[in-house]
1. For region A:23-82, name all the residues that are under 24 Å from B:E99 (Cα atoms), more than 9 Å from every other protein chain (Cβ to nearest Cβ) and of a type in the set (S, T, N, Q).
2. Please find, within region B:98-109, the residue that is nearest to the other protein chains (Cβ to nearest Cβ) out of those that are over 15 Å from A:A66 (Cβ atoms) and either of a type in the set (S, T, N, Q) or touching a residue at least 60 places away in the same chain (Cβ under 8 Å) (or both).
3. Can you go through B:V177, B:V123, B:V135 and tell me which one is within 19 Å of the chain's Cα centre (by Cα), buried (at least 18 other Cβ atoms within 10 Å of the Cβ), touching a residue at least 12 places away in the same chain (Cβ under 8 Å) and part of a strand (DSSP E or B)?
4. Only one of A:A70, A:A111, A:A66 is without any contact (Cβ under 8 Å) to a residue 12 or more places away in the chain, small (G, A, S), buried (at least 20 other Cβ atoms within 10 Å of the Cβ) and part of a helix (DSSP H, G or I). Can you tell me which?
5. Could you grab me the full set of residues in region B:180-194 that are buried (at least 18 other Cβ atoms within 10 Å of the Cβ) and more than 16 Å from the chain's Cα centre (by Cα)?
6. Hey, among the residues in region A:83-101 that are more than 8 Å from chain B (Cβ to nearest Cβ) and crowded, with 21+ Cβ neighbours inside 10 Å, which one's nearest to the chain's Cα centre (by Cα)?
7. Any residue in region B:11-24 that is without any contact (Cβ under 8 Å) to a residue 40 or more places away in the chain sitting within a Cβ distance under 8 Å of a residue that is assigned to a strand (DSSP E or B) and surrounded by 24 or more Cβ atoms within 10 Å (Cβ to Cβ)? List the pairs, counting only those 6 or more apart or interchain.
Amino acid sequence: MNSDDSLYDEQVVRPYVMTRGRTEARAKLDLITLAVTVRPATGVEIGLDPEHLAIARLCRRPLSVAEIAAHLDLPAGTVRVLLGDLLHGGFIALQEPQPEVDVLDERMYRAVLDGLRAL
Amino acid sequence: MVSGPSDGKKLPTPIKLLIAGGFGVGKTTMVGSVSEIKPLRTEETLTDRSIGVDDLSGVESKTTTTVAMDFGRISIGDDFVLYLFGTPGQERFWFVWDELARGALGAVVLADTRRLADCFPSVDYFERRGTPFIVAVNCFDDAPQYALDEVKLALNLGPDIPVLLCDARRRDSGKEVLIALVQHAYGRRPLAKV
C-alpha cells in the first residue's frame, strides 16, 4: 500500500469509481472519442485523484480514450469513468466520432483518401 | 455530451478502421507499418455484456476479465484522425467486436493462404453486421501463392468484395490496402444520403 504501484492498483478497482450512476451514464464514450484539456487541473481541486490529473496532463493535446488508457496502463472502462468526472468539472472537452449513420459525408471520404495517398 | 474546446479550436473528428483476421495473421504488423505512432495496446474490461459468454453467477465480483487490442493512429490534416484497431483474435470476444465495429468506417480482413479458414469468422461477422470490408491476403514468404480469384472463391465472397494481395510489413502496401478499403466503403454508402 505504501508504494506508488500498490496505491495505483488500489484505485483502479476502487468500486465507487466504477459504480457511481452519474459516471456510468458517461461510460458510453467510444474508444476513439477524443479528449482535450481546456482548463488545467492544478492538483488542489476537490475530488480529483492522481489519475484524473494524469489524464488532464496527457490531454494537453487531443488523445483518444484508447490512447489515454494505453499511456496510463488503465482499462478503457476506468478511463471513461475518469473522463466523465473531468468533463463534469469542466476540465476537458470531448469530440465524439461521427455517428454511424453520418459516416456518409463525401467530404470526409475525399479528405481521408487524399490524406492516405499523401502518406 | 459533446462540447467544443473553449478556445474555439476545433478538434479533429476521429474515424475508426478495423484490421481483423485470425491469430498471427499480421494484424498488429499492419497497424504498426502504417501508424504514425508505435502501436499501443488498450484493454477493455469484460462487463455484464459477457452474459452468455462467461457464467459469472456466484462470482459477481469477478469483473476483471480483460481483452487486449493493439491500435495505431494516422492524422489526416487537422480535420480527421484515423484509428486502426486490430480486433482480438478470439471469437469469444465478439462483444468487443460489437463495441469496436460500432461507427467503424470499414474493416480489412487479413488472410493467410496457409490458414484461410481462420478469417471466416471475421468475414461472417462483417457480412452480418453490414460493415464495409475488403480482404487483404498477407503474402507470407513461405505461403503458397494463389490467384486472387481462387482466394475469392475459397472464401465464398460476393463479386463486389475487393480482394488484394499485401505485405503487412510494408508501409506502402498497408497504405494501398487502406485506400482500397476507404474507396470500397465510399462506394457502399447509402445512395439516398449522397
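1. Passing the criteria: only A:T23.
2. By that ranking, first place goes to B:L105.
3. Among B:V177, B:V123, B:V135, only B:V135 is within 19 Å of the chain's Cα centre (by Cα), buried (at least 18 other Cβ atoms within 10 Å of the Cβ), touching a residue at least 12 places away in the same chain (Cβ under 8 Å) and part of a strand (DSSP E or B).
4. A:A70
5. Once the filter is applied, which keeps residues that are buried (at least 18 other Cβ atoms within 10 Å of the Cβ) and more than 16 Å from the chain's Cα centre (by Cα), region B:180-194 yields only B:Y186.
6. Filtering region A:83-101 for residues that are more than 8 Å from chain B (Cβ to nearest Cβ) and crowded, with 21+ Cβ neighbours inside 10 Å, the one nearest to the chain's Cα centre (by Cα) comes out as A:L83.
7. B:L11/A:L34
Values in this text are rule-based calculations from the coordinates and carry no lab data. Quick caveat: nothing in here was measured; it's all calculated off a predicted structure. Every residue, glycine among them, receives a Cβ derived from its backbone with ideal geometry; neighbour counts consider all protein chains shown.
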